[in-house]
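Asker: Below is a structure I'd like to ask you about.
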Amino acid sequence: MSKDTLTITDNRTGRTYEIPVEHDTIQAMHLRQIKVNEDDFGMMSYDPAFKNTASTKSTITYIDGDKGILRYRGYPIEQLAEKSNYLEVAYLILYGELPTKEQYDEWEHVIVHHTFVHENITQLMKAFRHDAHPMGMFIATLAAMSTYYPEGRNISDPWIRTKQIHRLIAKLPTVAAFSYRHSRGLPYVYPDNDLSYTGNFLSMLDKMTEVKYKPDPVLERALDVLFILHADHEQNCGTATMRVIGSSHTDPYTAMAGAAAALYGPLHGGANEAVLRMLMEIGDVKNVPEFIKGVKNRERLLMGFGHRVYKNYDPRARIIKQVADEVFEVTGKNPLLAIALELERIALEDDFFVQRNLYPNVDFYSGIIYQAMRFPIAMFPVLFAIPRTIGWLAQWVEMLEDSEQKIARPRQIYLGEGERDFVPMADR
Ligand code: ACO
């Protein structure tokens, strides 16, 4: 009869240990009993970059990387992208269930009525250099917001937590739009509460002299779908950072500034920016084979390809490709699309990429859409960070309410010098 245990024989001692298996997982702490000598520390597992370590139990997002499946709270990403909107998905991710009409109306009302930022925050943002990277402005302003809402430090009060969540979801599009207007040398546009979440964001980005800004419905919907696709992605680098910082009971603004900083890197959310720069550098479809050769010679990475979890087509990239067609109907085709399609065609046929299961990820096509919508490249990571807010916050709440969680503190294998005596400078 099968038993839910794992039997480990330590060949150093000949001793056998029986370790419980739950959810196809063993608890690393159960390895600690494995010792050669009684006063040993005990066995640990070594897993740099957490490639095979579950750091939490979660009920928010499910990914099957081999099959290319992504679900929020059980709902397939394809259905949410087609039938829902970002604010509804945000509610779902945070509370676990789709809202009733009444719940949705209240949620939308609360978010819409927290979109303004304190005027001092506006002044603070104006103090950045004229050419400051919008993501640098975004991260710094997010951290500074903790000083405006000091009650946010009371992370054990569920109502205070909820209030900060409302503020963050509502105000970050405003901060993001201000960072964009700053980089263009344009006056900041204040929120318009009559518009949808993404409609208002487009207004704060684009509005000039018109009395009432009317967002293009296709672009408004496309942005909303892109926001849905980016809302959460379980324990990625940014979210893991949010949980690690939050585990020391920091306020959510400061923890999120750290999560956004992790997202900024070109191997993570900064990849959409890096993809565009790569496509511009390639410049022409005829240069694609030469570029691929460089990737295979390990001179370059093919940005927007590969994923730690997906070893199949990223389902988000598939949806984004469809959205791209709708956007290009309005904006005209982005000439870089032809280069991207050719890169994808060659890569999907080439042994180097096939053997390593390298497929386009979410960032491969998102930048092409954003550029067609006339966003400057430097805004791309910011456009990723806005919708990821809800993922970070839902995972933060889950971590705080999980009685198994404690302050995050990994172990190390020390391989440095043994004890030695200090040598005075004159004798070195
Ligand atoms: N181009 C060329 N080769 C690649 C690429 C790539 N984009 N990605 C992985 N590989 C190769 C690696 O060199 C490695 O080859 P090897 O086994 O012969 O040494 C193999 O594929 C496995 O790659 P790892 O780096 O071990 O995979 P890991 O899970 O650590 O990295 C990552 C995942 C960081 C996403 C990686 O694929 C990458 O750098 N991609 C480009 C950046 C990118 O698009 N990031 C966005 C990810 S999606 C997101 O964060 C929103």
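The values are calculated or read from the model by the stated rules, or taken from the named source; none is laboratory data. Quantities reported herein were computed from a predicted structural model and do not represent experimental measurements. Because the Cβ atoms are built from the backbone with ideal geometry, glycine has one as well, and the counts that use them run over all protein chains shown.
Asker: Out of all the residues in the range 283-298, which are over 27 Å from the mean Cα position of the chain (by Cα) and of a type outside the set (Gly, Ala, Ser)?
Answerer: Those that are over 27 Å from the mean Cα position of the chain (by Cα) and of a type outside the set (Gly, Ala, Ser): Asp284, Val285, Lys286, Asn287, Val288, Pro289, Glu290, Phe291, Ile292, Lys293, Lys296, Asn297.
Asker: It is to be established whether one or more residues within the range 254-275 are in the same structural domain as Leu301 (by TED's automatic domain parsing) and farther than 22 Å from Ala378 by Cα.
Answerer: Yes: one or more hits.
Asker: Among all residue pairs at least 6 apart or on different chains, which show Cβ distances below 7 Å where the first residue, located in the range 279-307, is without any contact (Cβ under 8 Å) to a residue 12 or more places away in the chain and the second is part of a loop (DSSP other than H, G, I, E, B)?
Answerer: Gly294/Arg300
Asker: What is the number of the single condition among (1) more than 18 Å from the chain's Cα centre (by Cα); (2) not in a helix (DSSP H, G or I) that Ser55 does not meet?
Answerer: Here Ser55 meets the rest and fails (1).
Rundown of residues vs (1) more than 10 Å from the ligand (Cβ to nearest atom); (2) under 27 Å from Ala140 (Cβ atoms); (3) part of a loop (DSSP other than H, G, I, E, B), yes/no style:
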position	(1), (2), (3)
His249	yes, yes, yes
Gly269	no, yes, yes
Lys286	yes, no, no
Arg300	no, no, yes
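Asker: Hey, another quick one. Could you list all residues from the range 9-32 that are farther than 24 Å from Thr56 by Cα and assigned to a strand (DSSP E or B)?
Answerer: Scanning the range 9-32 gives Thr9, Asp10, Arg15, Thr16, Tyr17.
Asker: Mind checking which pairs have a first residue in the range 24-51 that is without any contact (Cβ under 8 Å) to a residue 60 or more places away in the chain and of a type in the set (Ser, Thr, Tyr) and a second that is part of a helix (DSSP H, G or I) and more than 16 Å from the ligand (Cβ to nearest atom), Cβ under 8 Å, 6 or more apart or different chains?
Answerer: Filtered contacts from the range 24-51: Ser45/Ala28; Ser45/Leu31.
Asker: For Val362, all conditions in the list (1) over 17 Å from Leu302 (Cβ atoms); (2) under 16 Å from the mean Cα position of the chain (by Cα); (3) of a type in the set (A, V, I, L, M, F, W, C); (4) modelled with pLDDT under 95 hold save one; what is the number of the exception?
Answerer: Failing condition for Val362: (1).
Asker: Of all residues in the range 353-388 being of a type in the set (S, T, N, Q) and within 12 Å of the ligand (Cβ to nearest atom), which is surrounded by the most Cβ atoms within 10 Å (Cβ to Cβ)? Outline the logic, then answer.
Answerer: Initially, the range 353-388 is screened for residues of a type in the set (S, T, N, Q), giving 355, 357, 361, 366, 371.
With the extra rule that they be within 12 Å of the ligand (Cβ to nearest atom), the set shrinks to 355, 357, 361, 366.
Details: Gln355: 8, Asn357: 13, Asn361: 23, Ser366: 26.
The residue in question is Ser366.
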